[in-house]
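The values are calculated or read from the model by the stated rules, or taken from the named source; none is laboratory data. Owing to the predicted nature of the structure, the values given are computational and were not obtained by experimental measurement. Because the Cβ atoms are built from the backbone with ideal geometry, glycine has one as well, and the counts that use them run over all protein chains shown.
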Amino acid sequence: MERTKKSFILYLTIAGVAALVISWWLIFFARQGEVLIERLGASGVNLSLEEMDAVRDATHESLRMFAFEGGFLALLTVGGLLLLIRAQRREVEMHRRQRDFLSGVTHELRSPIASARLQVESLRMGRVPKDKQERYLVRTLADLDRLSRTVDQLLKAARASSGRVQLSLQPL
């Protein structure tokens, strides 16, 4: 979770720097035509109105090209941001499911253990009348069977998630 947060912050930082660079280049290209005309005039080159318009048109063409490229980059950045947000939400949901699963498994493991322990301790201390001892033993075995089934299910789930499940197909 912490890694995802750091990735998110890094991504936003990079996106912010990219936005600043794109803004700077847009301003640069927007002013470039006039700057070129001023520099040529300052160096003693006199341009006709048609030549000035040609310089302005050339710089506006560069500006237009860069604006489209910058827009495309901005779309990619927003798309990447949306993918990152979706991945972060999925990770949060996965962590919640894992926490809920572990909570449920803990309950499923502790309940039969506690029940079996109570029954065995009662039998060991002699608190159970002779006529009820068999019933206590049957309940204890049932709790241990339940515990065994839970552990088997956990092991099957672990094998399934690791990709080590072996399926044996049989004709119907």
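Listing for the model above:
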{"item": "Output for the range 116-155, where each listed residue is loosely packed, with under 12 Cβ neighbours inside 10 Å and farther than 30 Å from Leu102 by Cβ", "result": "Arg124, Met125, Gly126, Arg127, Pro129, Lys130, Asp131, Glu134, Arg135, Val138"}
{"item": "Answer from Phe29, Phe8 - the residue that is in contact with a Ser or Thr (Cβ under 7 Å, 6 or more places away or on another chain), among the aromatic types (Phe, Trp, Tyr), in a helix (DSSP H, G or I) and surrounded by 13 or more Cβ atoms within 10 Å (Cβ to Cβ)", "result": "Phe29"}
{"item": "Test: Thr59 is surrounded by 14 or more Cβ atoms within 10 Å (Cβ to Cβ), more than 41 Å from the chain's Cα centre (by Cα) and of a type in the set (S, T, N, Q)", "result": "yes"}
{"item": "Unique match (being surrounded by 11 or more Cβ atoms within 10 Å (Cβ to Cβ) and assigned by TED's automatic domain parsing to the domain that holds Ile9) among Leu81, Leu109", "result": "Leu81"}
{"item": "Qualifying residue in the range 148-159 (condition: polar (S, T, N, Q) and in contact with a Phe, Trp or Tyr (Cβ under 7 Å, 6 or more places away or on another chain))", "result": "no"}
{"item": "Residue within the range 53-64 that is in contact (Cβ under 8 Å) with a residue 40 or more places away in the chain, closer than 25 Å to Thr77 by Cα, assigned by TED's automatic domain parsing to the domain that holds Gly80 and part of a helix (DSSP H, G or I) present", "result": "no"}
{"item": "Single condition His107 does not satisfy, out of (1) over 22 Å from the mean Cα position of the chain (by Cα); (2) touching a residue at least 40 places away in the same chain (Cβ under 8 Å); (3) under 30 Å from Asp152 (Cβ atoms)", "result": "(2)"}
